[in-house]
Amino acid sequence: MEPLIHLAHGFGSVFQPVNLVVLVVGLVLGLIVAVLPGLTLVMGVVLALPFTYGMGIVPALILLTAMYVSGTYGGAFTSILFRIPGEPMDVPLLWDGYAMARAGEPALALGWTLFSALAGGLVAAIAMVLLSGPVADLALRLSTPEYFAVILLGLASVVTLGGSSLPKALISLALGLVIATVGTDSTYGAMRFTFDIPLLEDGIEYILVMVGAYGLGEVLSRVEQRTGGDSVQKTSTISTKLPSLRAITAVKGTFARSSILGFLIGVIPGAGATIASFVSYGIEGQYGRRRQELGQGIAEGIVAPQTAATSSVGGAMVPLLTLGIPGSGATAIIMAAFLLHGIQPGPHVFFKSGDIVYTIFASVFVAVIGMCILGYFAIKLLVKVLDFPEAITSAFVVMFCFMGAMASRSTVGDLWLIVAFGIVGFLFERYRFPIAPMVLGAILGPLAETSFMTTMISFHNDWTVFFTRPISGSIMAVCLAALLYPAYREWRDRRLVRVG
Amino acid sequence: MIGPIGRGVAACAVSISLACGVAPNKAAAQTYPTRPIEMIVTWGPGGGADQTGRMIGKLLEPELKVSIPVENVAGASGVTGLTKLLGGQAEGYQIAIVTADTLALLADPKPQRWSLNDLSPIAVLIVQNSGFFVKGDGPLKTWADVEAKAKTTELKVAVTGLGTPDDMAVEQLKKRGLKLLSVPFAKPAERYVAVIGGHADLLYEQAGDVRSFIENKQLAPVLFLANAPVAQFPKVPTTKSIGMNLVLDQFRTIMAKAGTPPGPYKLLTEKVAQTTRSPEYVKFLQDQWADPKSVLVGDAAVRYIREQIEALKKLK
């Protein structure tokens, strides 16, 4: 009962006029940074931090928390409308989201993301309030074998991304993993595939692969199809479409799975929204009721990644507040804001500054709802973009892609790299090779390698540790099932055909 | 060069400085600086280097009367950001926070693409004691406990990376017959979870960087790499007190590119010297549990950095 009383006080604090204004500003800023590819959520929160120097601790934390929450949602717009993921977590979202938009339902696709963000955000916020203690203990029980197992589960989603051909998907994934190895090895500092080119020494940023292959690749495909003068569709009559209650009930299993997965993955230090989004999509591809139709523009393909991504925010807040351990880039900045105001997150923060903690909890609730209200009105305006001729929207896509390329390192070389990946994306589309596994490999490859190498060093190259520790062993079993089941299914189908 | 987003960042920083009461238009009469000075932080946001860069940038802005936008360019132990500084023009419009971890690469027998001669150190901004920490409520309580256990059982030490000063310190301790294994965790959060969660036995870190964990009793110091007891922990042994000649200062510097004209370089050193004497910076050093005499400017900074690199070379 006591937490609820504190939470009520927290709501009272959030609804103070100044705090409410700050919250709305944070939501809008979060949406903007998430929409712009290259200007990542973390970068946005970093840019906002100096503004909080002169604020009190409560509005400062409300601003950053609101940005964090809405930052997991804003990228959905560009993913679904232009096929440019604003953040890596938005990549799985575009597989079904963009397909649904191209099939004439952009407003519904955005409506599903809105509802998913709301559901995932609220479930995680409730879990955050009620389960902080036990979940914090769980975070401490995890180490690199478990981190690797979770990332491997994300990589295992490749089997659902390859479309009809698993071998093609695996080749594409291998290419992504090779791209991820370029540069300075993070463990031993060895140079790999750098060919004495200084630009390559720091590796190839995943954003170049992600934005190039999807965004530029799509524009090149449109050029080839010569669709320049037409608009995608006339949307003047389209209004924001929220899914019907019946449709929502039909995907309740996906909501439940994705919320829980997102929250738990958010708790793991270093995992966060991106891995949550990929793993959730992969699990949907394995166990979802309509797994065969995934990738063709169905609701489950939008609900799974978006719910998990937003749900991970609540999860990431738990180790920050209860242990003082920031599990993601954005929570590291929120922690910096705490420290700047002389408050140390950790086991004692609930006793020493409980009012502030519960204000943050309340701000997550209000931010999730506020973000959806903003999103609801934004959708109506944003889908109008599709009224423009494709030549014009394509020009904007190219501009956004180049902005994204320049954002991280500000080098002209990255422009050439993004063009190269645009051509790769185009050729993949042209010859029906799946792009998704390559992007998946480029994003998760470095994370997988680091956690694998650290485990090998820590356990003297004993690879069985992945299977003998209870939590990593359980996750590895799910990974193996995910990888082997399609092969078994294919073998069984062939056998049936032969018998038939 | 600054890209569109970079310009956006600069514009944002200008607006921040305006909000803070800085008036860039006053710079019109000056010859240097007449436009924003980019502060490259060679590590990611939120860490110690980032905090130092933002603090000094914030204090320098009103003095230099231009905005100083911070850009985090992390990667390859800080070399990526350093490469950005070295790739720019030596005009004084780019400065960088360079840490001991990056400069330690110069102690490696493997030649680097850069040397200290490519840089013009402006100042050493902060020097902190580093040491070893154990889990607050774990079985190991003191350095004596650590030594006793490590004689028979291998202990895991969470470090930032292999070949870094952290790892070198572990290698030196192994010469005392201790069974220690460096396990690299690049992200601070993972490093701290490793020890607090009981997955590693020891953590190598600067005390100031884990202050909140120490105050929350999640971590406890057991040994400092220092010649004299650390003020905040007078009872914790030092490497000198256990008979070792192993002192590794963790320091962060502010640098310009070599060849920066004398005028801008002189102005930067003067202003850094002035701002680091301000009460706000002195409090920052206190909060970081840093040496109150951390700041060294100009030639003194160059001498200190060279000495530290030479000391590291002897450990190799």
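Could you list log10 I(q)/I(0) for region A:2-499 at q = 0.08, 0.09, 0.10 Å⁻¹, which the Debye formula gives when each Cα is one point scatterer? Scattering profile of region A:2-499, log10 relative to I(0): -0.46, -0.59, -0.74. Residue by residue along B:206-219, Cβ atoms of other protein chains within 10 Å of the local Cβ number 3 on average. Computed extension length for A:VAL18-A:PHE467: 156.4 nm, one decimal, from 0.36 nm per residue of separation with the Cα-Cα distance subtracted. Using only the C-alpha atoms, the convex hull of region B:129-224 corresponds to 82 Å³ per residue.
For region A:30-178, the gyration tensor built on C-alpha atoms gives an oblate shape. Its axis ratio a/c (a ≥ b ≥ c) is at least 1.5, and a/b is not larger than b/c.
For the pair A:ALA8 and A:ARG102, the difference between a 0.36 nm per residue extended length and the Cα-Cα distance amounts to 29.4 nm. Estimated purely from DSSP H runs of n ≥ 4, each contributing -39500 (n - 2.57), the mean residue ellipticity at 222 nm for chain A is -24500 deg cm²/dmol once divided by its residues. When both bridge partners sit in the protein assembly as shown, DSSP labels roughly 65% of those beta bridges antiparallel. Ranked by the mean number of other Cβ atoms within 10 Å of their residues, highest first, the peptides A:187-193, A:290-296 come out as A:290-296, A:187-193.
Per-residue 3J(HN,Hα) values for region B:52-60, derived from phi via the Karplus relation 6.51 cos²θ - 1.76 cosθ + 1.60 with θ = phi - 60°, read 5, x, 5, 5, 5, x, 4, 6, 6 Hz in sequence order (x marks Gly and Pro).
Note on A:LEU496 and B:GLU270: their simple-model spin labels are 8.4 nm apart, each label 7 Å out from Cα toward Cβ. Highest mean first, the peptides B:204-214, B:254-264, A:3-13, B:188-198 sorted by other C-beta atoms within 10 Å per residue fall in the order B:188-198, B:204-214, B:254-264, A:3-13. Each residue of chain B gets 130 Å³ once the volume of the Cα convex hull is shared out per residue.
May I ask which residue of A:ALA136, B:GLN218, A:ALA256 lies farthest towards the positive end of the charge dipole of the protein assembly as shown, with charges of +1 (Lys, Arg) and -1 (Asp, Glu) on Cβ and the Cα centre as origin? Comparing the listed Cα positions along the dipole, A:ALA256 ranks first. Calculated FRET efficiency, B:ILE309 to A:ALA395, Cβ-Cβ distance, R0 = 51 Å: about 0.50 to the nearest 0.05. Checking the cross-link pairs B:LYS141/B:LYS235; B:LYS151/B:LYS314; B:LYS151/B:LYS174 against a 21 Å limit on the alpha carbon distance flags B:LYS151/B:LYS314 as lying beyond it.
Summarising the amide proton neighbourhood of B:GLN250: residues at separation of 5 or more, or on other chains, whose placed amide H is nearer than 5 Å comprise B:GLN128, B:SER130.
Between A:ASP185 and A:ARG290, the simple spin-label model (points 7 angstrom out along Cα→Cβ) gives 4.6 nm.
Near B:ALA290, no amide H atom lies under 5 Å from its own; only residues 5 or more places off or on other chains count, and H is placed 1.01 Å from N. Shielding by partners for peptide A:201-209, expressed as the average number of C-beta atoms from other protein chains within 10 Å of each residue's C-beta, is 2. Each peptide in A:274-280, A:57-63, A:252-258, B:273-279 gets a packing score, the mean of other Cβ atoms within 10 Å over its residues, and the list from highest to lowest is A:274-280, A:57-63, A:252-258, B:273-279.
In this structure the amide hydrogen of B:ALA123, modeled in the peptide plane, comes within under 5 Å of the amide hydrogens of B:ILE254, B:GLY298, none closer than 5 places in sequence on its chain. Could you please state, rounded to a whole Å, how far the C-alpha centre of region A:154-224 is from the C-alpha centre of region A:435-500? When both Cα centres are located, 19 Å separates them.
Residue by residue, region A:135-145 carries 3J(HN,Hα) couplings of 5, 5, 4, 4, 4, 6, 7, 8, 9, 4, x Hz when phi is fed to the Karplus relation 6.51 cos²θ - 1.76 cosθ + 1.60 (θ = phi - 60°); x denotes Gly or Pro. Here A:LYS252 is the anchor, and the lysines within straight C-alpha reach of less than 20 Å, apart from those fewer than 8 places off in the same chain, are A:LYS241. How much length would be gained if the chain were fully extended between A:ARG192 and A:ASP355, taking 0.36 nm per residue of separation minus their Cα-Cα distance, in nm to one decimal? Separation in residues times 0.36 nm, less the Cα-Cα distance, equals 53.6 nm. Region B:48-125 and region B:214-280 have Cα centres separated by 16 Å. In sequence order, region A:86-94 has phi-based couplings of x, 9, x, 5, 8, 4, x, 5, 6 Hz under the Karplus curve 6.51 cos²θ - 1.76 cosθ + 1.60, θ = phi - 60°, and Gly or Pro positions carry x. Taking every residue in B:178-190 and counting other chain Cβ atoms within 10 Å of its Cβ, the average works out to 6.
No value in this document is a laboratory result; all are computed from the given coordinates. On a predicted model such as this, the values are computed, not experimentally measured, just so you know. As a convention, Cβ positions derive from the backbone with ideal geometry for all residues, glycine included, and neighbour counts pool all protein chains shown.
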